[in-house]
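Derivation of every value follows stated rules applied to the coordinates shown; laboratory data play no part. Just so you know, these numbers come straight off a predicted model, no measurement behind them. Quick reminder, even Gly has a Cβ in these numbers, built from the backbone with ideal geometry, and neighbours come from all protein chains shown.
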Amino acid sequence: MTLSSPPPCVSEVLEGQLFLGNLPCALDAELRRRLSITHILSVCPDFPSSGPNHMNVPVEDSEYENLLMHLPLACNFIKGALSNGGRILVHCVMGISRSATVVAAYLMQSRNMTAHEALNFVKKVRPQAHPNYGFVKQLDVFRKCDFQPDVAHPAYRSWKRRYQQDVTYYLNHAADTVSIIEDKLLLTNDFPSDVQQAQWYLLDLRITHLVSISPTEICSTSSVVQHRHFNVDSHTPEALLEVLPAIAACVHDAIESGGLVLVHSLMESRACTAVCAYLMGSKNKSPEEAFSAVMDALPLFNPTKSFMETLESFRSQACGPSAGRLVGKDRLLPQGKSSGSGSVSKPVLADQSKIERSRPLSGLSSY
């Protein structure tokens, strides 16, 4: 007798055929019996092969790991199990990265899907599935090699030459992103310029809202995060001060909705000023207290005299509930100021003077 539906630790990718899960469910003999599992594919070193119907791919969940060369054999093992009427469980430790990559590779090969289509297919039945960035790049190469990667294939050689540098560059972006408020507010002055890297960077960090302040260059597509850009026409403190209330309100509203916000500008001082403005306006901190919170996260940040002067001016204009006028539900702007809005259709460039001061919510597309 089989289960009418798998337990939460297992996801049914192809009905009655292909299952995706974690290590505990793979080790559970009773669960495997109830699901009528005939074959196991372990994509981790933690569950060595126990017989001819159990294949082990001993790779770690690292962006630097070469899973690509294991994909043909793994896909053939799945194909063989299903062609004989079997039911196969593919797993790693968490059922999130390694095993999800292998299942996506099988779907690509057997159903002629792109990596994008295969990953979306897997995510629909297992939302927590999220291969690491290195594995995602390898899925692209898997298709470019016609599902038979070989050291002599031009696509494989091209990937192999620069994958370590590419992965290191990606990981450095994540490492350079600092947390101001845990699970609520992040800050960076270095955003990935590659579209795919940008998308996976936002997903890896679980960012839901992106607030960017010129100068910056961000590829704009659709639907991974809500994105609002604020254009500052000059490098003067007065130009930034004019839009600070709207920026602080935007960050406040995103956090209040349960989001995780990333504030970004190529000018680190502008991103720091924006974060301080939010802390002052929403957390009732003084300029010194807000600055101290930023310094705790960025101890090497060296503010100019105008940095603190801008924060003092922001406080005196309309930081508290007793001055200014409402923006949205409960945020404030100085009298006579406005947040403005526009649309996003091109990469945001620092010198695009015709872009309006603030942009409405848009997004970055999922891979």
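Rounded to the nearest 20 debye, the dipole size of segment 177-319 about its Cα centre is 180 debye, using +1 on the Cβ of Lys and Arg and -1 on the Cβ of Asp and Glu.
Taking only the alpha carbons of segment 118-259, we obtain Rg and Dmax values of 18.4, 59 Å in that order. The overall shape of segment 85-196 is oblate: from the C-alpha gyration tensor, with semi-axes ordered a ≥ b ≥ c, the ratio a/c is 1.5 or greater and a/b is no larger than b/c. The relative contact order of segment 177-319 comes to 29 percent, based on Cα pairs under 8 Å that sit 6 or more residues apart. Largest first, the three principal axis extents of the alpha carbons in segment 177-319 are 41, 30, 28 Å in whole numbers. Extending 7 Å from the Cα toward the beta-carbon at both THR304 and ARG161 defines two label points whose distance is 4.2 nm. Computed from Cα atoms alone, the Kirkwood hydrodynamic radius reported for segment 1-153 is 15.1 Å. Considering only alpha-carbon pairs that sit under 8 angstrom and 6 or more positions apart, the relative contact order computed for segment 121-221 is 18 percent. Convex hull volume per residue, computed on the Cα atoms of segment 191-234, equals 67 Å³.
Farthest toward the positive end of the dipole of segment 10-171, out of HIS130, CYS25, PHE142, is the Cα of PHE142, where the dipole comes from beta carbon charges about the Cα centre. Evaluating 6.51 cos²θ - 1.76 cosθ + 1.60 at θ = phi - 60° for every residue in segment 84-96, the Karplus couplings come out as 9, x, x, 10, 10, 10, 9, 8, 10, 6, 10, x, 10 Hz, glycine and proline recorded as x. For ILE40, the amide hydrogen comes within under 5 Å of the amide hydrogens of HIS54, MET55, LEU89, counting only partners 5 or more places away or on other chains and with H modelled in the peptide plane. Once phi is turned into ³J(HN,Hα) by the Karplus curve 6.51 cos²θ - 1.76 cosθ + 1.60 with θ = phi - 60°, what whole-Hz value does each residue of segment 27-41 show in order, with x for glycine and proline? Each residue's phi maps through the Karplus curve to give 7, 7, 4, 5, 5, 4, 5, 5, 8, 6, 6, 9, 9, 10, 10 Hz.
Using θ = phi - 60° in the Karplus curve 6.51 cos²θ - 1.76 cosθ + 1.60, the 3J(HN,Hα) couplings for segment 200-217 round to 6, 4, 5, 5, 4, 8, 6, 6, 10, 9, 10, 10, 10, 10, 4, x, 6, 9 Hz; x is entered for Gly and Pro.
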